[in-house]
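First the structure, in the form of structure tokens, and then the observations on it.
The values are calculated or read from the model by the stated rules, or taken from the named source; none is laboratory data. A quick note: this is a predicted structure, and the numbers were derived from the prediction, not measured. Heads up, the Cβs are rebuilt from the backbone with ideal geometry, glycines too, and the neighbour counts pull from every protein chain shown. Surface areas here come from the heavy atoms of the whole protein model, side chains and all, with no ligands, DNA or RNA. Shrake-Rupley method; radii C 1.70, N 1.55, O 1.52, S 1.80 Å.
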Amino acid sequence: MKISWEPFRVRTAHPFRISRGVKTGDDLVWVRLEHEGIEGWGEADPSGYYGETADTVEAALRKLAPRIEEVEDPFALENVERDLAALLGRNGSARCAVSSALHDWVGKRVGLPLWKLWGLDPADAPLSSFTIGIDEPDVMAERTRAAGAWPILKIKLGSDDDEARLSAVRGAAPDKILRVDANAAWTPREAVEGIAMCAEYGVEFVEQPLPPTDNDELAFVRARAALPIVVDESSIVATDIPRLDGSVDGINIKLAKCGGPREALRMIHTARACGLKVMLGCMLETSLGIAPAAHLAPLVDYADLDGAALLRSDPFRGPHLKAGRIVLPDAPGLGVTRAADGEPA
Ligand SMILES: [Mg+2]
């Protein structure tokens, strides 16, 4: 099997701010695996928070290339991915790109979309939320109105005045489902108060109230919380989940964190065994990056797969969102093609 890759840059439609910083774009890596005339595609969406950049992804791919070139049977996914994990450790987005490309190849080889290979029904996928980043309250209200077609909004908090921001958003969307993501910004006491404030504004649940280094405090917060708690930064891979049992209500899985669709499936089943709700999220990603998560969406309760919708332009076409509804293609594999006008650059 041959491997090649190409770094490229995407830009956001608006500056995208969360509790720990702002982004106007991201450097991503498009990975291609070729075998018997079929190409499988994947995308690495590295996150500095997890110690990755486009450069570390490329270094990881160089390290991995000799092992990929040895692959004679791409259907041997468990063996290949075991070696991938051993060679790359927690380079989640680099592993995700290769894992996604392997699954895309298998789907194309047998002529079936991944959702069908996994035995899923696209009609079971939940609606996806659309994210409103931290900004001045009036700007957040304006973005809320501009997101009129989206039935569910995820509001980033963990700012200097969370209530003014949430109040502005609620005023602009009196009837919508709102979810809040504090991105690890609160102390346990602030979390209890922040979650109570969110409850007053009719928020559905709160994501990642505490830093992942404070997992032991989650039970304290949950015992006093007026809303369910979903963790994101606190659960990277499946083995993180059992120790959260009893102190959270759900987990947010991101393929760029965990290492790809195969580990995401393990996370979904582990979370279910612990009685937890499951959400699928994303980084700033193109439709290629989102695709493997979109194919898994029929298995989860909540989706936040708006990464490509936050971009100024998307160089790929594939699974996409229509007013929050996840539209899964019948094309084989991930079902992703290049956009006619979208040269990764
Ligand atoms: Mg989050």
Could you give each residue of the stretch 296-304 its phi-based ³J(HN,Hα) in whole Hz, using Karplus coefficients 6.51, -1.76, 1.60 with θ = phi - 60°, and x for Gly or Pro? 8, 4, x, 8, 10, 8, 9, 10, 9
Quick check: convex hull over the Cα atoms of the stretch 231-345, volume per residue in Å³, rounded to an integer? 105 Å³
Would you please give the residues with an amide H less than 5 Å from that of E43, counting only those at least 5 places away or on a separate chain, with H modeled from the backbone geometry? V31
Karplus (6.51, -1.76, 1.60) ³J(HN,Hα), θ = phi - 60°, over the stretch 213-222, in Hz, Gly and Pro reported as x: 6, 10, 4, 5, 8, 4, 5, 4, 5, 5
Suppose accessible area is computed on protein heavy atoms with a 1.4 Å probe; arrange D124, D181, D249 from highest to lowest. D124, D249, D181
The alpha-carbon center of the stretch 80-128 and that of the stretch 136-159 are separated, in whole Å, by 32 Å
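For n ≥ 4 DSSP H runs only, could you compute -39500 (n - 2.57) per run for the chain, divide by its residues and tell me the 222 nm figure to the nearest 500? Spell out each step's value before the answer.
Values: 11 runs with 119 residues, N = 345.
Counting only the DSSP helices, I get -10500 deg cm²/dmol.
Can you tell me which of 55-64, 162-171 comes out highest on packing, and rank the rest after it, using the mean Cβ neighbours within 10 Å?
Details: 55-64: 17.7, 162-171: 19.4.
Going by the mean number of other Cβ atoms within 10 Å, highest first, we get 162-171, 55-64.
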Under-5 Å amide H pairs with I155, H placed in peptide plane, nonlocal only: I132, R179, V180, D181
Residues of type lysines that K322 reaches as a straight line, Cα spacing below 19 Å, ignoring anything fewer than 8 places off in the same chain: K154, K176
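For the chain, what % of the accessible area comes from carbon and sulfur atoms, probe 1.4 Å?
Whole-percent figure for carbon plus sulfur exposure: 49.
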Dipole in debye (nearest 20) - the chain, about Cα centre, beta carbon charges: Lys, Arg +1; Asp, Glu -1: 360 debye
Counting each pair of different Cα atoms once, what's the Kirkwood radius of the stretch 148-235 in Å, rounded to one decimal? 12.9 Å
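Please arrange L117, L276 by accessible surface area, largest first, computed with a 1.4 Å probe and ligands excluded. Provide the component values of the computation, followed by the final result.
Details: L117 75, L276 10 Å².
The most accessible residue leads, giving L117, L276.
Leaving ligands and nucleic acids out of the surface, order Y49, Y201 by accessible area at 1.4 Å, largest first. Write down the numbers at each step before the final one.
On the way: Y49 90, Y201 50 Å².
Listed by decreasing accessible area, they come as Y49, Y201.
How many Å² of accessible area per residue for the stretch 117-338, probe 1.4 Å? Spell out each step's value before the answer.
On the way: 7950 Å² over 222 residues.
Ligands and nucleic acids excluded, the figure is 36 Å² per residue.
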Gyration tensor verdict on the chain (Cα atoms; rounded if a/c is under 1.5, prolate if a/b is larger than b/c, oblate otherwise): prolate
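Taking a ≥ b ≥ c as the square roots of the Cα gyration tensor eigenvalues, with a/c under 1.5 meaning rounded and otherwise prolate when a/b beats b/c, else oblate, which class fits the stretch 25-150? Numbers along the way, then the final one.
On the way: a/c = 2.89, a/b = 1.52, b/c = 1.90.
Oblate shape, in that a/c is at least 1.5 and b/c is the bigger or equal ratio.
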The chain, relative contact order in percent, only Cα pairs under 8 angstrom and at least six apart counted: 20 percent
